[in-house]
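Asks: Before we start, here is the structure in question, set down as structure tokens.
The values are calculated or read from the model by the stated rules, or taken from the named source; none is laboratory data. All of these numbers come straight from a predicted model, not from anything done at the bench. Cβ: placed from backbone, ideal geometry, glycine included. Neighbour counts: every protein chain shown.
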Amino acid sequence: MKTTTTKNNSKANTEKEQFLNNILAKKKIQSPTCVTVCAVN
Amino acid sequence: MIQEITKSNKALLSALDCDEDNIIIEGFMERYSVNRDEASEILQETKKWLWLASENIKEKKSFRLFIDNSLLIIDEMWHNFILHTRIYQKFCNEKLNLFVHHEPTSASEKIRGFDSEEEKQKYQKFQEEKLRQQLSYIYDKLGAETVSKWYEEFPEKFNEKKIHAIKR
């Protein structure tokens, strides 16, 4: 059971990495236009 | 309740729903040539962005979210939202429990000069890592669909040139 869970997590991580790599490969890296800054009320 | 929501965009948007959404949508339509459905969708995505920014702070992450050219239309809606100061403040207080400030990057920071190719590559590598970190965070909190909408669909539909063209 534990092995199956580990395998599933590993598969999900690989899918995520591939997905993000595809997006990054298509994107030209640019400087940020703005950043978010928060003040706790 | 909102803090427990991850990847369930529909539930999140329902939790972020405001009585004054129409005022923000109509304000955006006065400033940009978009239809109501488009303006409504951009506002929904901007609210998700603001929620994510507040989560990033509450979780005391070592990085802050940033807007680059891919997310320009979200930035434009954010500017429009901020114009309605009372509604924006109410949204931050009631929905995020945190006031999310907007801090533009200065012109001198945007136009960077490099003394060497090595320095330029080092900077680009740093920016790429920051972006990867942000994409990973968005993926974990809001799912692949949101990453794709923000970094593939929106830049295609609303790039800098197109935003300039729809400004009234």
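Asks: For the stretch B:133-145, does any single residue satisfy the condition of being out of contact with any strand residue (DSSP E or B) (no Cβ under 7 Å at 6 or more places or on another chain), without any contact (Cβ under 8 Å) to a residue 12 or more places away in the chain, among the small types (Gly, Ala, Ser) and not in a helix (DSSP H, G or I)?
Replies: No, the conditions are met nowhere in the stretch B:133-145.
Asks: Still on this structure: May I ask you to verify whether B:Ser14 is more than 15 Å from the chain's Cα centre (by Cα), among the hydroxyl-bearing types (Ser, Thr, Tyr) and either in a helix (DSSP H, G or I) or crowded, with 16+ Cβ neighbours inside 10 Å (or both)?
Replies: Criteria met by B:Ser14.
Asks: Considering only residues that are away from every other protein chain (no Cβ under 11 Å) and over 17 Å from B:Leu96 (Cα atoms), which ones fall in the stretch B:44-73?
Replies: B:Ser62, B:Ile73
Asks: Kindly establish whether A:Thr14 is at pLDDT below 70 and either surrounded by 10 or more Cβ atoms within 10 Å (Cβ to Cβ) or at the interface with chain B (Cβ under 9 Å from one of its Cβ atoms) (or both). Give the steps one after another, and end with the answer.
Replies: Working: at pLDDT below 70: no; either surrounded by 10 or more Cβ atoms within 10 Å (Cβ to Cβ) or at the interface with chain B (Cβ under 9 Å from one of its Cβ atoms) (or both): yes.
Taking the combined requirement at face value, the residue does not satisfy it.
Asks: Could you check B:Ala165 against (1) more than 30 Å from A:Ala12 (Cβ to Cβ); (2) in contact with a Lys or Arg (Cβ under 8 Å, 6 or more places away or on another chain); (3) modelled with pLDDT of 95 or more; (4) not β-branched (Val, Ile, Thr) and say which number it fails?
Replies: Among (1) more than 30 Å from A:Ala12 (Cβ to Cβ); (2) in contact with a Lys or Arg (Cβ under 8 Å, 6 or more places away or on another chain); (3) modelled with pLDDT of 95 or more; (4) not β-branched (Val, Ile, Thr), B:Ala165 violates only (2).
Asks: What is the residue count in the stretch B:57-106 for residues that are part of a loop (DSSP other than H, G, I, E, B) and polar (S, T, N, Q)?
Replies: Keep residues of the stretch B:57-106 that are part of a loop (DSSP other than H, G, I, E, B), which gives B:59-65, B:68, B:84, B:97-98, B:105-106.
Add one more test, that the residue is polar (S, T, N, Q), and what stays is B:62, B:97, B:105-106.
Of the residues in the stretch B:57-106, 4 are part of a loop (DSSP other than H, G, I, E, B) and polar (S, T, N, Q).
Asks: Residues B:Ile82, B:Ile163: which one is touching a residue at least 60 places away in the same chain (Cβ under 8 Å) and in contact with a strand residue (DSSP E or B) (Cβ under 9 Å, 6 or more places away or on another chain)?
Replies: Numbers: B:Ile82 fails: touching a residue at least 60 places away in the same chain (Cβ under 8 Å).
When all the criteria are applied, what remains is B:Ile163.
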